[in-house]
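Accompanying notes for the structure given below.
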Amino acid sequence: MGQQAPELVLTDQSGERHTLSTVVADRHALLVFYPFAFSSICTGELLEIQLNIDEFVNDRVQVLGVSCDPPPALRAWAATEGYRFPLLSDFWPHGEVSRSYGVFDEDSGMAVRGTFLVDPAMTVRWSLVHGPGEARHIGALHEAVRDLQE
């Protein structure tokens with residue numbers, strides 16, 4: 001925490017490009033790195049975010065999902081699950097952004113479950129990292145976002 005967040009420029013499931021510095025110009029960004037679309041743990045975590053979308057997408061914060069899946073896979077997953085927030089593709093150059101955040105697993109070629117709250121100064125205000133197969137405690141994400149009100 002407290003370090004400068006690496007910039008990211010990635011395309012979402014709809015083909016729209018997102019730049020972290022633009023997202024945080026007027027609010028915080030909650031970056032949620034996850035291993036694979038359609039996997040059970042990832043689906044459960046992102047559905048929890050979707051069920052509480054007003055808490056994770058508002059005038060104080062914007063959630064951005066990030067994985068090494070290609071955009072067509074993310075588009076299909078978002079359509080299947082009804083996600084209404086950007087799912088960013090770190091597919092090519094493969095895992096470049098995940099590496100810059102220290103959450104890329106070289107052996108498996110995927111991001112692990114890293115979560116970063118980035119403030120408008122591009123500083124990592126809060127982070128939580130879990131390894132493969134280890135589910136994120138979603139309550140911690142709720143708490144980090146709620147703390148923005150204080």
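We did not get these values from a lab; they are worked out from the coordinates using the rules stated. Remember, predicted model here, so these are calculated numbers, not experimental data. Every residue, glycine among them, receives a Cβ derived from its backbone with ideal geometry; neighbour counts consider all protein chains shown.
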Original post:
Taking only C-alpha pairs under 8 Å that are 6+ residues apart, what is the relative contact order of the chain in percent?
Top reply: 31 percent
**OP:** Only helical DSSP H runs with n ≥ 4 go in: add -39500 (n - 2.57) per run for the chain, normalise by residue count and round the 222 nm mean residue ellipticity to 500 deg cm²/dmol.
**Re:** -8000 deg cm²/dmol
**OP:** Name the most mobile residue of Asp54, Asp12, Asp119, meaning the one with the largest mean-square fluctuation, in a Gaussian network model of the chain with Cα contacts below 10 Å.
**Re:** Asp54
Subject >> Fully extended contour minus Cα-Cα distance, from Gln4 to Arg27, at 0.36 nm per residue >> reply: 6.7 nm
Original post:
With each pseudo-label sitting 7 Å past Cα toward Cβ, what's the Asp147-Glu55 distance in nm, one decimal?
Top reply: 1.5 nm
**OP:** Set the Förster distance to 30 Å, then compute FRET efficiency between Ser100 and Phe38 from the Cβ-Cβ distance, nearest 0.05.
**Re:** 0.75
**OP:** May I ask for the equivalent-ellipsoid semi-axes of the chain, computed as the square root of five times each C-alpha gyration tensor eigenvalue and listed largest first in whole Å?
**Re:** 20, 17, 16
Original post:
Taking N as the number of residues in the stretch 76-150, what is its Cα Rg relative to 2.2 N^0.38 Å?
Top reply: 1.23
Original post:
Using alpha-carbon positions, what is the distance between the centroids of the stretch 119-145 and the stretch 9-58, in Å?
Top reply: 12 Å
